[in-house]
Amino acid sequence: MQTRTQLLTVDVFLSVDGWAGGATSPGYFGYPGPELEEWITAELALPQLVILGRRTYEALAGLPEEAWDGSSHRLAQLNKIVFSGTLEAASWSNTRVCRDDVVAEVSRLKRESDVPLRTVGSLSVARQLCGAGLVDRLRLMTFPLLLGASGREPFFAGIDSADLALIGHRALDGRVLLLEYRPTGRDVPRA
């Protein structure tokens, strides 16, 4: 008998050339828009356990309240787990720090959580989960720019090859492309 597990979604915001950030890039790479904001709001409205790494946690939790929007308030309400070997305590509401191995703990959470799991940012954590085969959905929000030499944090660096099935796509604000994939578990075709 197979045990049902919770879905794990990894969300990554990227430039077309695969960078998850740039040396001078603002939030959303400078391409905010009403449809993007609507998508973020709708996704945060869903029941979920948010998985974060320390750097993303510190960036989000450190935003001054005057910079918060509706999404920030909703994220504060959600249960969150921060994977860190150095963070002593979490001051952000509904957040716990986990020093355990991310793969082992997320495997356990997939079996025991009452709600789906989702990463927000946290590239190192996302890469580890992809490499461990724990990701059920990989959503890439691709912004219309090439960062080139100013690019920072190449998301795909160090990730093992994997065959993916496209299960959804959508353009937001006429310029941002949301691609949703499901790992197939099949070998990647070789020449």
(message) Tell me whether the range 141-191 comes out rounded, prolate or oblate; compute the Cα gyration tensor, take square roots of the eigenvalues as a ≥ b ≥ c, and use a/c under 1.5 as the rounded threshold.
(response) oblate
(message) Rounded, prolate or oblate, given the Cα gyration tensor of the range 42-109, with a/c below 1.5 counting as rounded?
(response) oblate
(message) With +1 on the Cβ of every Lys and Arg and -1 on the Cβ of every Asp and Glu, and nothing else charged, how large is the dipole of the range 79-191 about its Cα centre, in debye rounded to the nearest 20?
(response) 220 debye
(request) State the Kirkwood hydrodynamic radius of the range 49-88 in Å, one decimal place, computed from all pairs of distinct Cα atoms. (result) 10.8 Å
(request) Name the most mobile residue of Ser84, Ser150, Ser124, meaning the one with the largest mean-square fluctuation, in a Gaussian network model of the chain with Cα contacts below 10 Å. (result) Ser150
(request) Among (i) 1.11; (ii) 1.00; (iii) 0.95, find the value of Rg/Rh (Cα atoms, Kirkwood Rh) that was calculated from the structure presented, and write down its label. (result) (iii)
(message) Against the 2.2 N^0.38 Å scaling, with N counting residues, where does the range 71-160 land? I'd like the Cα-based Rg ratio to two decimal places.
(response) 1.22
(message) Given axes a ≥ b ≥ c from the Cα gyration tensor, I'd like to know whether the range 1-101 is rounded (a/c under 1.5), prolate (a/b larger than b/c) or oblate.
(response) rounded
(request) Note down the magnitude of the dipole of the range 1-113 about its Cα centre, charges +1 on Lys and Arg C-beta and -1 on Asp and Glu C-beta and zero elsewhere, to the nearest 20 debye. (result) 580 debye
(message) Let me spell out the model: positive unit charges on the Cβ of Lys and Arg, negative unit charges on the Cβ of Asp and Glu, origin at the Cα centre of the chain. What dipole size does that give, in debye rounded to 20?
(response) 520 debye
(request) Would you be so kind as to identify which of Leu178, Val125, His73 lies farthest towards the positive end of the dipole of the chain, taking Lys and Arg as +1 and Asp and Glu as -1 on Cβ and the Cα centre as origin? (result) Val125
(request) Would you mind telling me which residue in Thr119, Thr95, Thr86 has the biggest mean-square fluctuation in a Gaussian network model of the chain, where springs connect alpha carbons within a distance under 10 angstrom? (result) Thr86
(message) Rounded to the nearest 5, what % of DSSP beta bridges with both residues in the chain are antiparallel?
(response) 40 percent
(message) I'd like to check one number: the per residue accessible area of the chain, probe 1.4 Å, reported in Å² as a whole number.
(response) 54 Å²
(message) With n ≥ 4 as the cut-off for DSSP H runs, can you work out [θ] at 222 nm for the chain, using -39500 (n - 2.57) per run divided by the number of residues, rounded to the nearest 500?
(response) -7500 deg cm²/dmol
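The values are calculated or read from the model by the stated rules, or taken from the named source; none is laboratory data. Note that this is a predicted model, so its numbers are computed, not measured. In this analysis, Cβ positions are derived from the backbone assuming ideal geometry, glycine residues included, and neighbour counts consider all displayed protein chains. Quick note on the areas: whole protein, heavy atoms, side chains included, nothing else; ligands and nucleic acids left out. Shrake-Rupley method; radii C 1.70, N 1.55, O 1.52, S 1.80 Å.
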